[in-house]
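Below: the structure, in structure tokens.
The values are calculated or read from the model by the stated rules, or taken from the named source; none is laboratory data. Please read these numbers as outputs of a predicted model, since none were measured by experiment. Heads up, the Cβs are rebuilt from the backbone with ideal geometry, glycines too, and the neighbour counts pull from every protein chain shown.
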């Protein structure tokens, strides 16, 4: 029999299973369902065998969202400081700095209306 692939961990052969999401599926919902199913499977495994998650995309999505939030805050602060130093008017600087969150809001509304998912590529582009 022709062997087409193998997987190992710490020099031991292992069995790898992959859960695929459907287009438009929510990463967190799918991840929670997979974790629940994996827990059920682990209960029925023979002694000495265990099942574990190797890669959970929820952590990656959470990190991406945190990065977008951090960049938004830093950008607004930087714009405010630069505008205030150039214009010398705090009111004009704050009004201009408010454009950043407003543009993010309009982008989010456009993504919802255009049925564009908030995946890693679209969040990273923001």
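Given the condition in a loop (DSSP other than H, G, I, E, B), over 29 Å from residue 116 (Cβ atoms) and assigned by TED's automatic domain parsing to the domain that holds residue 118, answer yes or no: does some residue in the stretch 71-80 qualify? No, that holds for no residue. The numbered conditions (1) within 26 Å of the chain's Cα centre (by Cα); (2) in the same structural domain as residue 117 (by TED's automatic domain parsing); (3) more than 24 Å from residue 115 (Cβ to Cβ) are all true for residue 89 except (1). Within the stretch 3-36, the residues that satisfy the criterion of being assigned to a loop (DSSP other than H, G, I, E, B), free of Cβ contacts under 8 Å to residues at least 12 places away in the same chain and under 22 Å from residue 115 (Cα atoms) are 20, 21, 22, 23, 25, 26. Would you mind finding the one in 76, 42, 51 that is under 23 Å from residue 122 (Cβ atoms) and over 18 Å from the mean Cα position of the chain (by Cα)? Within the list 76, 42, 51, the selection yields 76.
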